[in-house]
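> Please read through the structure below; I'll follow up with questions.
No lab work stands behind these numbers, since they all come straight from the coordinates. Worth saying up front: this structure is predicted, and the values here are computed from it rather than measured. Quick reminder, even Gly has a Cβ in these numbers, built from the backbone with ideal geometry, and neighbours come from all protein chains shown.
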Amino acid sequence: MSEDPAGGKKYVALFREAEDQELRLDHPEQALAGYRRCYELPTVASLKALASSRMARCFQKLNRPSAAEQAYRTLLENDGDLRDLSHRPYALAAGFELEQTPARQAQLYRDLVRGRWELSAEQVEYFLSRLVGSEPVGLHPVDRCRTHHGHPSADPRRLARVAVESASLGLRQRRFS
């Protein structure tokens with residue numbers, strides 16, 4: 001879908017108004033309506049995803065967990081490679097908002113360490129620390145057992161460092177090759 005210049009200006013005005021309703025005035029219901037109007041405008045996918053992410057946040061504030069979950073799931077599945085205003089892939093941002101099942105954690109972990117997104121080393125380290133926490137994700141059960149018994153090769157912090165280094169190397173190789 002191509003962006004209509006007049007629609008872009010309208011989006012900005014509506015988005016600012018909705019954001020003001022949400023953040024300054026603490027009126028998530030009015031903000032939700034504004035973000036929904038932004039989403040419905042003919043604009044680029046990244047702006048639709050931004051409006052959708054804000055709608056999900058408003059659903060959370062309004063204590064509507066099933067609507068929030070559906071919005072986050074849509075972001076994860078349809079807009080996962082697009083970025084939010086903090087330059088985080090929506091798949092990661094939404095993935096952390098959804099219930100953390102072992103399968104979802106393992107998929108996010110694999111996507112991170114395989115370099116699905118171009119991220120800074122600091123971003124990779126941050127997201128891995130959120131995923132790994134105290135229990136390594138996606139490891140073979142023997143490695144999980146070793147981690148609990150102090151085996152250094154399966155230490156979650158070491159795994160995170162190795163993943164960060166690998167991701168950083170992958171970024172450098174892609175940029176210079």
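> At a 10 Å Cβ-Cβ cut-off, how would you order 27, 87, fewest neighbours first?
Starting with the residue having the fewest Cβ neighbours, the order is 87, 27.
> Compute and list, largest first, the equivalent-ellipsoid semi-axes of segment 84-132 from the alpha carbon gyration tensor, each √(5λ) rounded to a whole angstrom.
Numbers: eigenvalues 51, 31, 18 Å².
Result for segment 84-132: semi-axes of 16, 13, 9 Å.
> At a Förster distance of 30 Å, what's the computed FRET efficiency of residue 106 paired with residue 44, Cβ-Cβ distance as r, to 0.05? Walk me through the numbers on the way to the answer.
Numbers: r = 32 Å, r/R0 = 1.06.
Here the calculated transfer efficiency is 0.40.
> Within a Cβ distance under 14 Å of residue 59, other residues only, what is the Lys/Arg minus Asp/Glu net charge?
On the way: positive: 36, 54, 57, 61, 64, 73; negative: 22, 29, 69, 97.
Here the count lands on +2.
> Here is a further query. To make sure I understand, if each residue's beta carbon is the centre and we count other beta carbons within 10 Å, what order do 101, 74, 43 fall in, fewest to most?
Listed from fewest to most nearby Cβ atoms, that is 101, 74, 43.
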